Structures are given as C-alpha cells and as structure tokens.
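Below is one structure, written out as structure tokens, with a few remarks after it.
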Amino acid sequence: MIFFWAFVVGGIICVIGQLMFDVFKLSPAHTLTILVVFGAILDGLGLYEPLIDFAGAGATVPITSFGNALVHGALQEADKHGIIGVVTGMFEVTSAGISAAIIFGVIGSLLFKPKG
Amino acid sequence: MADEKKKKLPPKAQAYQALQDKKEEKRPIVKNCMMAFLVGGTICFIGQIIMTFYIHFFPFTEQTAGNPTTATLIFLTMLATGFGYYDRLGQFAGAGSAVPVTGFGNAVISAAIEHRTEGYIIGVGTNMFKVAGPVIVYGVFSAFIVALIKTILTQWGGM
Amino acid sequence: MLQGKQTWIFQNHPVIISTGTVGGPYEAEGKIRKSFDILHDDLWLQQESFEKAQQVMLEEAAQIAIKKSPIQKEQVEFFISGDLINQITPTTFAARTIGVPYFGLFSACATSMESLALAAAIINADGANYILSGVASHNSATEKQFRYPTEYGGQKPPTAQWTVTGAGCALVAKTGTGPVITSATIGKVVDMGMKDPFNMGGAMAPAAVDTIETHLKERGVDHTYYDLIITGDLARVGHEISKELLHKRGIDIPEEKYVDCGIEIYQEDQQVLAGGSGTACSAVVTYGHFLKQMEEGKLSRILVVATGSLQSPLSVNQGDSIPCIAHAVSIEAGSDVT
Amino acid sequence: MNMTFFQKFFLFFSLAIVCAGCGTDETMESQSSLDINPLSAKPSLFDQSPSNMAKESLMEYEEITGIKAVNSDKEMIIAVQIKHMKRFFMAKHRKAWQKEMEKQFPGWKVELSTDRKIYLELDKLEEKINKDTLSKDELKKEMKHIIKLSKEQT
C-alpha cells in the first residue's frame, strides 16, 4: 500500500514541477527553488509530516521534503534552545542530502568525465 | 504579466512575436506530465523500496530511514550521471527526474564532473552548486522565515 | 565594391580554392556524413577538455584546406575565425598553432559567413592573396558555456537546437579554380524582443529575412537568380517563420530552393529537437555539402545566409532580449562567372 | 527510435501501475483481519497481562490493523499499525492513544509508537517471549533498545 501511494504522491509532485516548467516556462532552478520554499511553508502549516506518514518516500524523495526538513530541524532546535535554535538547528535534519551530494559530487568528479 | 512587458516593445516586435507564438512548436504538455508522473513516481517507488529495506534490515525507523535513503539515491544518481544516462532520462522525463532528490544530486554531480577540467579546487569546488545552489539558499532562507514565524507564534503567542 | 548600403560586390572574383570540414560523432550519423573530410567518433578527440577538442577540430580543418590546395601554409596571409566560447579562446589557440596573422571575430553562428565575407573583401581590395577563413563549435563546450553542465538532466523544449560539433574552413584566393565569391551583404542587428534562449530559431528569423531582402534589393536580382538560398541555423521553427515573413514581403521562394543548414545536417530520427545550430553548422554544411554539389554541377549559384543570436548567458540572466544578426554571401560556380 | 523507446517505457510503467494496483487490493484484504497475538504467561518472565489488556482496549479502534505490546515490571511498549488511508492523521491518533494508555496504566512508563520498525522489533520480541528464550534482564535490555530507537529523531 505504501508503495502505491509513494508512487502516486511522488508522481503528482513531479507533475506539479512539470507544469511549472511547461506552463509558466520556469527554468529548472526556479522550479526547484519554488518547490523547496513550498515544502518549507507546508511544514510550517504542519501539513508535510502527515503527508510523509501517508506516502513515505513519495513525500521524502521529492525536493519539497528538503524545505520540510530544514524547517523541522529549525523547529526542533527552537523547542530546546529558544529562538536561537531557528538558526542553529537548520541543517540538523537535512544534512544527508547536502553532504551526500557533496561527497558523491567530488567522488564523481574523480571517477567520471562528462560523456557529452 | 508577460503581456504588460510586451506592450513596451515597438509594434513591429509585437506583431512578430504574435506570429512567432503561432508558429512556435508547442511543448507537449500532456505527454510531458505523463512522463513526469511515471518517472517521478518510479523514483519515489524505488526510494520506498530502499527505505523499506533499511527499516527491515538495519536499525532505522520510519523517521530515521529517510536520510540513508536519500544518500543511497544520490549514490545511484552519481553512477547514472557519470555513465551519461541521467541527462538522457531528463530529456524525456522532465520534472520527473528533476524534482526528486536525485535531480538535486544530478545537478550537483553533473556540475562537479563538468568543471573538473578547471581543476579540483576552483573548477569542482566553486562550480559544484552552480545549478543546485538556489535550492539550498532559498530553502534555508524560507525555512528560517517559516520557523521564525512559527516559533514566535507558538512560544510567545501561545503564552 | 560597395553597392547600396550593406552589400559588397566582388568584381575581382575571389575564389574558394579549397575547403576542409571536420565533424563529431553525432554528425557522423547525420544526413550529410559523406561530405565531411574527417569524422571523429570521440567527442573528446583524446583531449583534456571539450574546448581543446574544438581547437583541434579547427586546426584539422585548416590543415585539410591547405593540404587540398596547391599552396603551402606559409603562403597564407591571414586567418579569420571565431567561435562561441568565452572570449573565443579555442580559436585563438588554434590561430597560435596555425601561426598566421589572425583576425578574431564574434558573430555567434553568423561568424562563418562574416569571416568568408571579410576574407573576400580583403582579397578583392588586393589586401592579400590567400586568406584562410573558418569556424568551429563543439556541442558540449557550448552547452557548458550557454546552458547547463552536459550531464545535467534538464529537459529542453522542442524549439531548442543542437549545437554542431565540427569545424569548417575555406581557403580564399585571388586566383585559382573553384567557386567564386561574388557578393556579400553584412546584416544589421535585429531584435524583436525575443527572450527565450531555448528558441533561437524564432529569435533569428527576422534577421535572416532582413538580410535576404536587403541583399536581393541591393544586388538588384530576383530570388530566382539563385539556385538555392541557404539559411544558417534557423532550424525547423525559425525556418518556417522566415518563410512566412518572406512571403509577407513578397518574396516567395519555392520550398525546394530555400533550405536550412540546421535541418540539412541531421537525420530526421536524430534527437536534435528543432535542428542543428552553432558556428560550425553553416560552415560544414556549406563548405562540405553544398560546395561539393556545386563542384558536381548540381548547383551554380547559392546564397548562404548565416544567422547568429548574439546573447550571452549574462545578458539572458539580466533579462535582456536576444539580439540577432545574419550575414549573406553569394557563391557562384567558377565556370559561370569568368 | 525515440517513439519506440517511449512506447516501451510507457508499456512497462502501465504494467507496473497495474501490478501496484493489484498488490494494493491484496494488502487491503489481509489488513482487514487484525494482527494480534495475546502473549502467553511465562513464569520465568514478567507477567504480560498488562500488555494483553492494552491490546484488548486498543482493539476497539477500527483504524488499527495490528498491535504488538510488551511490558516489563513498570514499563510498556506498544506498537500499532493503522489502516493506510488513516495514516494522514497518524500523529494525532498516536497522541490520543498514548494518553489513553497512560491513563489506563497509571504509574507505568508507556511508550506507544506507530512506527513500522518498532512494530517489527516488538513482533520479534513477542515471539521470543512466547518461545520463552529470554531472561528478565535480557527483556529489559531489549526494551531499552527499542525505546531508544523510537526516541531517535530524523
């Protein structure tokens, strides 16, 4: 069941991105940025966590979860340390995506040449 | 919005753009959306498989399995990007391969691979986030704003 | 020599005594693969970077042109060339290798005909005896320069074009045998306020039409004078639009007499979206394909209108529209002119 | 080539969707029967009747498809699985049930989780208890481990 919903919810988020590409003619960078901001706002409203509960990877794999995770880290830390935590807790939850991208980016650049 | 900008153009350019719009090959939106749904859904599906695998065979809960899943997907993206498959997937999948975290990974890794000819410090180091940078910058900034508002509302407003 | 405001008539008949064309792996699968002198199956050409590969292609094209001609490299007086990469460095490095006094040009994809027109003008005015003109472009180097890293999976719309990997050189001489350059029209920058860098054909079409119209008017000929009018790299989208625009201005060129290099170079099933583009596009198709047809007697008068979109990534990001240009050069079979 | 590739791709994924759809129906059916096994009393271990009681009271909720629970002398871990369509409101339900359990077992340290991992771990633990292969200390250690797991964030 979770597999089915992961597929559907993930697919729908991608269709939203595609519509931003094709209908509003936004560049990939603009589209992804808007989606991340959107994810952050959804988490602020407390709507993203239920979506993760429901769709699993369908909600955590799209880039929107990046915004969600950033807010989540900030809120968790703010809970413990007050307003300063908003700044310090930011990367607590998201570090995996960024560090994996950096690590595999460097490894990739050591291993591969662009194929063109 | 776009129309307002067009009004500033000389009438000749306006007339031409109207003609251009008629002749321009339109983007196949329905097909693109279908492909985005299928490919994006499949990547998330694969993500769910990986996640379930981590939950069952490693000490990760539903909460904590997301991070290793992301890392695994980005590792797979590195291979797909390095062997030159991801850009081809991107051409027909569109947002289907760009919106999942693999698209973020691809943006970082492709830039890193591309600029290795300029050296590892300047080339790879400075260009790595050339495409994916805005995602981090505005992700962090918007998260800051959202978290700040929410913290103020719950901690002081709720008092 | 000057006739009208923009057109040069070359009464001393500069001759293209030889040409050299080089193509990459994608061009090797294209429609006109047989007309290339060298085809590479490696996009890197065993070089360290795509830019170096582009440089090597230009050097090779120059070498072939000289080798096919009766003259020696030392007899070449000037080298006129340009490309699309930052400050045209690949061309400059090639010019360093060739070791001939050098003019560096930038007119984006119109550089091919700009260099040929200038070469003809200098020779016509007795400024030189032999001038090598040519251009090169490399798909991956151009992608990296103007768009995204080559391995980035961004989706391109159907109006986008595929930059040709290749180089084309023409050796222009005062005397000799070969096709004659009879006239050239230098285009004005035309900007219709188009902003989409993924639709350059649509942006460039008005420039091409403007130059064709001016050329025919100033030369005082009808379009029937030419066997073929060839646009540089308008590709499918831009070529269709240019037909419509020409029709509106009362120039109705029959379908089979109005072709585009960006459409000619690739097969239908190759995934190049709207068609080819890049500095090398008009050069390899003209020097390789059409001049060969002229040699075989299938064509006797052609007008090549190379089109260029002169934006930079910076200007696009700053929200500027895309300024475009087109330069036309007429080439006629040697036997007809003298 | 483009078209054939596109067609193949489309065909493949249409099939995949159909398969996923079929799989869905099966899991729905299996979920309609509750996954609960009462623990048998083992003289060598803590009395598991509080866990069994918790299971019985949680069984009332129709959202729940499976319950696992284990307790030591003053500590209890409960893991529930709920109907997929109710997962949207999982966090809310979890809080409510946690409160209810705390009320039902005053003075106990009750931990209620909806996490699949905790559910799987408790399932294994229940099996061990039923086979009587655990000592009291081992059970406490296992429970400590599971609680730690459930407390991990991110």
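The values are calculated or read from the model by the stated rules, or taken from the named source; none is laboratory data. Computed from a predicted structure; not experimentally measured. Cβ sites come from the backbone with ideal geometry, for glycine too, and all protein chains shown count toward neighbours.
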| request: List every residue pair whose Cβ atoms sit under 9 Å apart, with the two residues 6 or more apart in sequence or on different chains, where the first one lies in segment D:65-78 and is surrounded by fewer than 24 Cβ atoms within 10 Å (Cβ to Cβ) and the second, anywhere, is among the β-branched types (Val, Ile, Thr) and modelled with pLDDT under 85. | output: D:GLY66/D:ILE36
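Restricting to segment B:83-93, what's the tally of residues that are farther than 11 Å from A:LYS115 by Cβ and more than 7 Å from every other protein chain (Cβ to nearest Cβ)? I'd like the intermediate steps shown before the answer.
We begin by selecting, within segment B:83-93, every residue farther than 11 Å from A:LYS115 by Cβ; these are B:89-93.
Still in the running and more than 7 Å from every other protein chain (Cβ to nearest Cβ): B:93.
Adding up the residues that qualify gives 1.
Working only within segment C:263-293, note down all residues that are aromatic (Phe, Trp, Tyr) and more than 15 Å from the chain's Cα centre (by Cα). Step through it out loud before you land on a result.
Keep residues of segment C:263-293 that are aromatic (Phe, Trp, Tyr), which gives C:266, C:287, C:290.
Correct list: C:TYR266 only.
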| task | Please report, ordered by residue number, the helices (runs of 4 or more DSSP H) entirely within segment C:210-314 with at least 3 residues that are in contact with a Gly (Cβ under 6 Å, 6 or more places away or on another chain). | result | C:235-248, C:261-264, C:279-284
| Filter result for the condition that a residue is crowded, with 19+ Cβ neighbours inside 10 Å, modelled with pLDDT under 90 and within 10 Å of chain C (Cβ to nearest Cβ), over B:ALA80, B:ALA2, B:ALA13 | B:ALA13
| note | Looking across segment A:40-63 at residues that are more than 8 Å from every other protein chain (Cβ to nearest Cβ) and not hydrophobic (A, V, I, L, M, F, W, C), the single one that is nearest to the chain's Cα centre (by Cα) is A:TYR48
| query | Which ranges mark the helices (runs of 4 or more DSSP H) fully within segment C:25-134 that have 1 or more residues being of a type in the set (Lys, Arg)? | reply | C:50-68, C:89-98
| message | Let me spell it out: the conditions are (1) out of contact with any Cys (no Cβ under 7 Å at 6 or more places or on another chain); (2) buried (at least 23 other Cβ atoms within 10 Å of the Cβ), and A:GLN18 meets all of them except one. Which number is the exception? | response | (1)
| Looking at D:ALA91, is it surrounded by fewer than 18 Cβ atoms within 10 Å (Cβ to Cβ), part of a helix (DSSP H, G or I) and within 14 Å of another protein chain (Cβ to nearest Cβ)? | yes
| Exclusive hit being more than 29 Å from A:LEU51 (Cα to Cα) and buried (at least 20 other Cβ atoms within 10 Å of the Cβ), set D:LEU125, D:LEU112 | D:LEU125
| request: Being surrounded by 17 or more Cβ atoms within 10 Å (Cβ to Cβ) and not basic (Lys, Arg) is the filter here, so list the residues in segment D:79-88 that pass it. | output: D:ALA79, D:VAL80, D:GLN81, D:ILE82, D:HIS84
| remark: Apart from one, (1) surrounded by fewer than 15 Cβ atoms within 10 Å (Cβ to Cβ); (2) not in a loop (DSSP other than H, G, I, E, B) all hold for D:PRO106; the odd one out is (2)
| Failed condition for C:LYS217, given (1) within 29 Å of C:GLU295 (Cα to Cα); (2) basic (Lys, Arg); (3) within 21 Å of the chain's Cα centre (by Cα) | (3)
| message | What pairs come out if I take residues in segment C:241-257 that are within 11 Å of another protein chain (Cβ to nearest Cβ) and pair them with residues that are hydroxyl-bearing (Ser, Thr, Tyr) and surrounded by 18 or more Cβ atoms within 10 Å (Cβ to Cβ) whose C-beta lies under 7 Å away, six or more apart or interchain? | response | C:SER242/C:THR231; C:LYS243/C:TYR258
| task | Could you tell me whether C:VAL259 is more than 26 Å from C:TYR26 (Cβ to Cβ) and modelled with pLDDT of 90 or more? | result | no
| request: Go through the residues of segment A:86-106 one by one and say whether even a single one is touching a helix residue (DSSP H, G or I) at 6+ places or on another chain (Cβ under 9 Å), within 28 Å of D:THR65 (Cβ to Cβ) and more than 7 Å from chain B (Cβ to nearest Cβ). | output: no
| said: I'd like to check something: does segment D:116-133 contain any residue that is within 14 Å of another protein chain (Cβ to nearest Cβ) and hydroxyl-bearing (Ser, Thr, Tyr)? | reply: yes
| task | Kindly list, by first and then second residue, each pair from a residue in segment B:1-20 that is under 17 Å from C:ALA207 (Cα atoms) to a residue that is at pLDDT below 85 and part of a helix (DSSP H, G or I), limited to pairs with Cβ atoms under 8 Å and residues at least 6 apart or on different chains. | result | B:GLN14/B:LYS6; B:GLN14/B:LYS7; B:GLN17/B:LYS6
| message | All but one of (1) at the interface with another protein chain (Cβ under 7 Å from one of its Cβ atoms); (2) over 30 Å from D:ALA79 (Cα atoms); (3) touching a residue at least 24 places away in the same chain (Cβ under 8 Å) hold for B:GLU25; state the number of the condition that does not hold. | response | (3)
| query | Has segment C:178-190 got at least one residue that is within 13 Å of another protein chain (Cβ to nearest Cβ), surrounded by fewer than 24 Cβ atoms within 10 Å (Cβ to Cβ) and assigned to a strand (DSSP E or B)? | reply | yes
| request: Out of the residues in segment C:241-289 that are buried (at least 24 other Cβ atoms within 10 Å of the Cβ), of a type in the set (A, V, I, L, M) and touching an Asp or Glu at 6+ places or on another chain (Cβ under 9 Å), state the one that is farthest from C:THR142 (Cα to Cα). | output: C:ILE241
| query | Out of all the residues in segment B:104-138, which are touching a residue at least 24 places away in the same chain (Cβ under 8 Å) and either at the interface with chain C (Cβ under 8 Å from one of its Cβ atoms) or among the β-branched types (Val, Ile, Thr) (or both)? | reply | B:ASN106, B:ALA107, B:VAL108, B:ILE109, B:SER110, B:ILE113, B:VAL131, B:VAL135
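Assess whether A:PHE66 counts as being within 7 Å of another protein chain (Cβ to nearest Cβ) and of a type in the set (A, V, I, L, M, F, W, C).
Values: within 7 Å of another protein chain (Cβ to nearest Cβ): yes; of a type in the set (A, V, I, L, M, F, W, C): yes.
Against the criterion (within 7 Å of another protein chain (Cβ to nearest Cβ) and of a type in the set (A, V, I, L, M, F, W, C)), A:PHE66 qualifies.
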